[in-house]
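Down below is the structure, laid out as structure tokens.
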Amino acid sequence: DQEEQAYFAVFDGHGGVDAAIYASIHLHVNMVHQEMFQHDPAEALCRAFRVTDERFVQKAARESLRCGTTGVVTFIRGNMLHVAWLGDSQVMLVRRGQAVELMKPHKPDRE
């Protein structure tokens, strides 16, 4: 009895694959475990990024890992699209053949 939902993500490891693999396994799980997931998936997604980051930092300290990841995540519920990204990853939406700007690219010359 829930609306249809879909989750898609791409992670690009920097300095190794450990952080990207960790995020790919845990981010969506951390999102659905947020108490506001049912009524505010955007906030749940933001919190999931923080939780996933904090837990990976702890893992990296224990295991002497020195890597990170960028990421782009989309979550669709019904007819609502939520997009989140971290680092210099970029995403493009094309609607009816036209590009729709969802973000300003992460570039060194931006303030």
Share of carbon and sulfur in the accessible heavy-atom surface of the chain [1.4 Å probe, %]: 51
Once the Cβ-Cβ distance between V91 and S64 is put in as r, and R0 is 25 Å, what FRET efficiency do you end up with, to the nearest 0.05? 0.20
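Using the alpha carbon gyration tensor of the chain, what are the three equivalent-ellipsoid semi-axes (square root of 5 times each eigenvalue), largest first, in whole Å? List each step's numbers first, then the result.
Details: eigenvalues 122, 83, 25 Å².
Equivalent ellipsoid semi-axes, largest first: 25, 20, 11 Å.
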So with the 1.4 Å probe, I'd like the accessible area per residue for the chain, rounded to whole Å². 71
Take the Cα of H14, step 7 Å along the line toward its Cβ, and report every residue of the range 27-68 whose backbone nitrogen sits under 16 Å from that point. 53-54, 57, 66-68
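In the range 1-84, what GluC sites (Glu not before Pro) fall in a loop by DSSP, with at most 14 other Cβ atoms inside 10 Å?
Here the GluC sites (Glu not before Pro) that fit, given the DSSP loop and packing criteria, are E3, E4, E35.
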Kindly write out, for the range 61-66 in residue order, the coupling ³J(HN,Hα) from the Karplus curve 6.51 cos²θ - 1.76 cosθ + 1.60 (θ = phi - 60°), rounded to whole Hz, with x marking Gly and Pro. 5, 5, 9, 6, 8, 10
Spacing of the two label points (7 Å from each Cα toward its C-beta) at N79 and A42, in nm: 1.7
Summing +1 per Lys or Arg and -1 per Asp or Glu among the other residues with Cβ less than 15 Å from E43's Cβ gives +1
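The values are calculated or read from the model by the stated rules, or taken from the named source; none is laboratory data. Since we're looking at a predicted model, the values are computed, not measured. Every residue, glycine as well, gets a Cβ built from its backbone with ideal geometry; the counts of neighbours run over all protein chains shown. Please note that ligands, DNA and RNA were not included when accessible areas were found on the heavy atoms of the full protein model with its side chains. Shrake-Rupley method; radii C 1.70, N 1.55, O 1.52, S 1.80 Å.
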